[in-house]
Each structure stands twice: as C-alpha cells, then as structure tokens.
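For reference, the structure discussed in these notes is given below.
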C-alpha cells in the first residue's frame, strides 16, 4: 500500500512538473511570430525544465526532400550542418517515414543510431536514452523532435511518461508551425497590399528616372506635377550635379507636349556669336560661312520643350534677344526679316546666384523676372541624405549589369563613408564614385577601400594606401557585427545567436571596435 502511494505521489509530481513545463512552452510560443525562435524556445525549455539534453527539431527541406536540423539545443553550428538524413535513414529518418515514435533505451547499443552530428562521445559508457517523436501536420509527418535523457532505475515508467509528454509538445510544435506560417502569409499579403496602396497613392508624385524618397525630393516631384501641363516658363535652380536635366525631361514628358521634341542647349558651351545662331538660326549669307539657311533651336523645338541649361552664362546681348522671344513668343533668324512664331515651352536652368548677378548688372533684371515665373529648387545631395543609399544601390545595380559583375551589396563601412561625405559634386559625383567602385571591386560587396580617396577617413586606410591582412579582417568582422546588430535591432544576445557566436565574444568585439549597439535600437 505504501509503495502504491509513493508511486502515485511520484506520478502526481511528474504530472505537475509536466504541466508547469507545458505552461512555460505555450506562454513563450504565444508571443513569438518567428518560427525558428519558437522552436528554439521549446528545446531550451525542455533542457532547462526536464533535463533533456541535445534537444533537436528536424524538419523536411521541401527542396531537397532531406531532413535537416532546424534548431538544436546544446549543439554547435557545424554539428547542425552535419545533421542531415534521408527519409528512412537512421532513427530520425525512420520516425518521420513511419510517423511512429521510437525510444532507444541506450544509444551506445543501438546500431541504427548514426550520430551524424558527432556531438556524443563514447555512449557505451553512459546510460543515455534517445527519444524521437514525429511532428505531424494532419496525417503527414513534416519532421521530428528528439532528445537525450538519462534515467535512474525507473526507466520503463519514466520513459512512457516522457513519450506521452513529448507527443503533446510535438503537437504544440505542429500547431506553432501552422500558426506562424499563417501569420507570415497574412503579413506578406498585408505587405503586398500596403506596397500596392503606397504605389497607387504616391504614383502622382513619382517621376520615372529620378531616384529619391526624401521629403525634399517629394516637394520637387509635387512642383513638377503642378506645373507640367501648363505653358509657364520654369526656372530650375540648384548646384551642379543635382539633376536639373532629368527634371527638365520630366517636365516635358509629363506634359501635353510629350509627343513633341525636347531640345537641349548648353548655353555655357558656346561663344556668344555661335549661341545666337544656334538659338534663332540664320539665313543664307547672314555672315561669313553661312552657306545655307539653318533652323535654330527655337524652330526645332516647335510644339515641344526648349531647355536652356546654364542660362546664367549668356551674354547681355543674347539676353536682350531672349527677353523679346519670351515676351512676344516670336523671333527672327539672323539676317532675316521674317517673323517666326515660337510655339514652345521654355525651361531654363542655372547653378548661379541670379539675384547676385542682377545686383552686379551681369544679368538683366527684366529677363530674370520673365524666367523666374515658376522656380523649382533642387536640393543638394547633402540635404537629402536619406536618398544617398537609394541612389548608390541604383548605380551599383546599373554598373554591375553593364560590367557583367555579380556585386550584390554595399558593406556597412562603405555605407557609413557614403552617408558622412559632404558630396560637393552631388548626384553626379556619387554616380562616378559608384562606377569606379564597381570597376575595381573583385568581390560580391563594395567595401570602403573601393571608394575614392576623397571619401576615406583617416582610420579606414593605412598610410601607404594598402590594407594589412589584420586590418582587412578587423574591417570585415566589424561589418558583420554591425549588420547583425541592425538585423536584431541592437540586441546583443540575438546578434550573438545570429552570428552563431557566444555573447562574451560578441561583447568583447563590440567593445574592441568601439561599436555602440544603442544606435541600432528602434526608438
């Protein structure tokens, strides 16, 4: 009677222990939407609460059809990679193939036990048992849960209780897999829907061939769309290399004149005498060398858009004639008497301070007001830093394809240099910088050493311009740690798991490289 009471008491305690463990497992699972995290929490809890060592969840890879270790508790990354089985191979393969659990009383005496992970020593001297339970979705096995367990004298009763307990855990894993997959599917559907809605809502502000999501560029896009369909003269202001020509094209191709010609004149590239003839044309014999009639750019742009780039460079004589064309919308060829109508849309651009030029009498005030009907200011690249990486990746993709290179990413250290640089040459300088980087890069990622010397900080290159092996390894290691911190939002413990390293080593490296994990946390 006493023995039965003791057994009953022992069973009751085990059931309470099992219930407590299941409660912790379900509580942890309820708050996780990441499948790998969910499974890792299960095997960690089994190890801590039930003293079940080497807890492993093996899942069928749908591509290869092989069983692969998804998560493992107490097993290294290398060991996990070795833990692959075909259906029916070894104990794990047989459990998944048959859908029935298997209990091995002593691992060292079981020939079917393959020990692919090589994590166990001489099991013949130990009394480790091996429990493997199928994970099912409906009637189909999708994987297996396995653990090691050392039993005392009561092997039979204890192993039966553990099998029942692990069958419940296996059911929880199956539910978790299906729940997480459903959540991820819903998230993906919402993400696609959100992307589509964003695309529809912002389509009016998107201009083909112009890259930029910053608030400053959104203002430019809005201004372009506001004025595109009018005939108002537009003056594009901004530093050299900010993309004024692209905006001029956008004004034309988003207007009702898009089927007409788009004619460009670089006013700074021609001397005064040639510029006048280039703009207005000339009659035969108008001057020495004028052997035939020539149509000027105003005539060529009939029904379309005439873009006068660097208009701040034209002489006062040409300014007078240009003012008459803008006012009257008529002009005469050099040496001619015929008045020609100018049915054109005029867009001008300059990087000069026209107000200062007017005060210094280098630019006519009346022409300035005629041109400045609808000014559009293009921000320099240093004032739209959120677009730098977007532009850099665009140019990386462009020049990688042009040069048949497989360069997939820009390293963190290179991104830091790109973001911190002041870009006096604006987008044009960034474009040239990325083309150079692609040409000299011989790996799959752009590193800081591939960027021009003007972007290099004092601590990113050696005195002789060559990186030592130790420095190159440090830079690479630093990039990996920063990328991991970004992925895990500054969580050092998760970063260590992400890199398959220990928290102690990661903390030491973070301190050595002067990395501040706080800047990667979401605020």
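For residues in segment 335-347 being within 14 Å of residue 301 (Cα to Cα) and in contact (Cβ under 8 Å) with a residue 24 or more places away in the chain, which is surrounded by the fewest Cβ atoms within 10 Å (Cβ to Cβ)? That would be 343. Residues that are at pLDDT below 85 and touching a helix residue (DSSP H, G or I) at 6+ places or on another chain (Cβ under 8 Å) were ranked within segment 420-458; the one that is surrounded by the most Cβ atoms within 10 Å (Cβ to Cβ) is 455.
Scanning segment 486-503 for residues that are within 17 Å of residue 37 (Cα to Cα) and within 17 Å of the chain's Cα centre (by Cα) gives 487, 488, 489.
Taken together, 387, 366, 397 contain a single residue that is out of contact with any helix residue (DSSP H, G or I) (no Cβ under 9 Å at 6 or more places or on another chain) and assigned to a helix (DSSP H, G or I), which is 397. Only one of the listed residues (283, 278) is surrounded by 14 or more Cβ atoms within 10 Å (Cβ to Cβ), within 20 Å of residue 314 (Cα to Cα) and in contact with a strand residue (DSSP E or B) (Cβ under 9 Å, 6 or more places away or on another chain). That residue is 278.
The values are calculated or read from the model by the stated rules, or taken from the named source; none is laboratory data. From a predicted model like this one, the values you see are computed outputs, not experimental measurements. Heads up, the Cβs are rebuilt from the backbone with ideal geometry, glycines too, and the neighbour counts pull from every protein chain shown.
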